[in-house]
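Notes follow once the structure below has been shown.
Every number in this text was worked out from the coordinates using simple rules, so none of it is lab data. All values derive from a computational prediction rather than experimental measurement. Every residue, glycine as well, gets a Cβ built from its backbone with ideal geometry; the counts of neighbours run over all protein chains shown.
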Amino acid sequence: MSDDHESYQSPLSSRYASREMRANFSDRKKFTTWRRLWIALAEAEQALGLPIRDDQLTELREHALDIDFELARHYETELRHDVMAHIQAWGDVCPGARPILHLGATSCFVGDNTDLIVMRDGLHLVRRQVVSLIAKLRGFALEWRSLPTLGFTHYQPAQATTVGKRACLWIQDLIHDLDDLQHADHSIRFRGVKGTTGTQASFLSLFEGDHEKVLELDRMVTEKMGFQRTFAVTGQTYPRQLDFRVCQVLSSIAQSAHKFATDLRLLANLRELEEPFGKGQVGSSAMPWKRNPMRSERICSLARFVICQLDNTAHTAANQWLERTLDDSANRRLVLAESFLATDSILNLWLNVADGLIVNPAVVKKNLDAELPFLASENVMLEAVRAGADRQDVHAAIRAHSIEAALEIKAGGENTMRERMLSDPKLGAIAGRLDELLDGRHYVGRAPEQVLEFMTAEVDPVLERHADELGARGEVEV
């Protein structure tokens, strides 16, 4: 039997997260990035005059990708230090370059800078999913912008809205998340070449007191790794509040997803809206007729996990001692990767659901029509007064009918409010217009127009700015 079945695996890797996000947080991405950083450092040090030979750089480049993970693990067992283990393993296959590996650097040169690169790349993957999701929900909102539906406040029947207008609430949350994501991406600076306590003392010594060369070294390595800015000052690590800011965006996306999925679960209970259901999918092992909204439930489940992880990053940032403490290390290995993997999983599910949302217009209309005689009572009263009736008499009649009709509903009957109004002589002047007055389209206000205005003012400009990031799809295998 494969070792994969003999030890625990995170369900984020084995069940939920996308291949791209798993690769972004993989050991291969991590340790090849370490090697890219070491090469960039050596190249810059050579360019600034340190005695590093071309053949040494060539040797490093030739062996940048052939990582012997088993050998590195062997060294780490002996050394209890992951960075030194990988220096030893690489040095074994690059004996000529071994003397200049990691020259002047501290472990956080590769560790922290790699974390920043991986988080930056992770945010780019998340952004592509968010943009694609906005586009999918835009199509849904436009398709159903005019379909009247019963609105709820406190999950009690309220004024009518439209199916498309309700979807705009979901899109608006995502647009705000995208704004925050952009800000977090802009906030990610490179730690750069800062040394053991952030003073660059080791590099100042290497360059014999030449401050300009130390500054240029930091600038060159930063540019080689694709960043424009570094943190101006650091301790041994970059400020851990950045982790909080990045995970705060992931938490916000999770909140938006939870809101959407909860709305869908409530509407699925009313049979108005459904998530896609596979041809061979089983809703329940005991109840063959069940169509449980399992994707939406999973979104809520994973969203809760991401939201709770934010507290973890706050404690890590608060507990940094002076120039650094190592009690963040094991924690961050978990929280950063799993927050990203779980957010990726949520968005993957959401994309899948949004691509196959099912609306049942007949049920939507039936549920709205059942409440419309109550919701429309003020309009009915005003029209009766316009037709010559006494306002106080009509108010008293409608109030009495609504109380009786509500009692019948609570006793298990149907809503008889419409029939009661039709038979009341005080409302006889408008009896022939009752069907018109109880048409749900008259009670949605500006909802259809708001959908169009929202698309023009906010959604379409966002999609135009991010047109090259569209195309993410949601693939659900389990």
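Brief remarks follow.
- Folded to 0 to 90 degrees: helix 329-354 orientation relative to the chain principal axis, Cα: 40
- Only helices enter this figure: runs of n ≥ 4 DSSP H residues, each worth -39500 (n - 2.57), summed and divided by the residues of the chain, yield -20000 deg cm²/dmol at 222 nm to the nearest 500.
- Cleavage-rule hits, chymotrypsin sites (Phe, Trp or Tyr not before Pro), region 1-81, DSSP coil, Cβ neighbours within 10 Å at most 13: Y8
- Coil-residue GluC sites (Glu not before Pro) of region 152-246, DSSP, other Cβ within 10 Å capped at 15: E208
- In order through region 171-187: 3J(HN,Hα) via Karplus (6.51 cos²θ - 1.76 cosθ + 1.60), integer Hz, x for Gly, Pro: 5, 4, 4, 5, 5, 5, 4, 5, 4, 5, 5, 4, 5, 5, 4, 5, 6
- Since only T58, A303, V246 are under comparison, the one whose Cα sits farthest along the positive direction of the charge dipole of the chain, derived from C-beta charges on Lys, Arg, Asp and Glu, is A303.
- Contact order normalised by residue count of the chain, Cα under 8 Å, 6+ apart, percent: 21
- With θ taken as phi - 60° and the Karplus curve 6.51 cos²θ - 1.76 cosθ + 1.60 applied, the whole-hertz 3J(HN,Hα) list for region 79-91 is 8, 6, 8, 5, 5, 5, 4, 6, 5, 5, 5, 6, x Hz, x standing for glycine and proline.
- Ranked list, fewest to most other Cβ atoms within 10 Å of each Cβ, for S132, S107: S107, S132
- Net lengthening on full extension, A370/R19 (0.36 nm per residue, minus Cα-Cα): 121.6 nm
- Charge tally for E469 (other residues, Cβ to Cβ under 10 Å; Lys, Arg +1; Asp, Glu -1): +2.
- Full extension of the chain segment joining E143 with R391 gains 85.3 nm, where the gain is 0.36 nm per residue of separation less the Cα-Cα distance.
- Compared with the dominant principal axis of the Cα atoms in the chain, helix 107-143 is inclined by about 20°.
- In a DSSP loop and with at most 15 other Cβ atoms within 10 Å, the GluC sites (Glu not before Pro) in region 1-72 are E6.
- Region 362-424 versus region 256-278: alpha-carbon centroid distance in Å: 30
- q = 0.13 Å⁻¹: log10 I(q)/I(0) that the Debye formula gives for region 57-179, counting C-alpha atoms only: -0.69
- Given K29/K213; K165/K365; K29/K224; K259/K410, the pairs whose alpha carbons are separated by over 25 Å: K29/K213; K259/K410
- Net charge over other residues, Cβ less than 13 angstrom from the Cβ of H315 (K, R count +1; D, E count -1): -2
- Selected from P157, M220, L174, residue furthest toward positive end of dipole (region 104-242; charges at beta carbon): P157
- Compared with the dominant Cα axis of the chain, that is its longest principal axis, helix 241-269 is turned about 30°.
- Proxy reagent accessibility, fewest Cβ within 10 Å first, across C168, C300: C300, C168
- Label of the coordinate-derived value, Cα extents along the principal axes in Å, listed as [x] 107, 51, 39; [y] 104, 55, 39; [z] 69, 53, 40: [y]
- As a proxy for reagent exposure, E464, E419, E414, E274 were ordered by neighbouring Cβ count within 10 angstrom, fewest first; the result is E464, E414, E419, E274.
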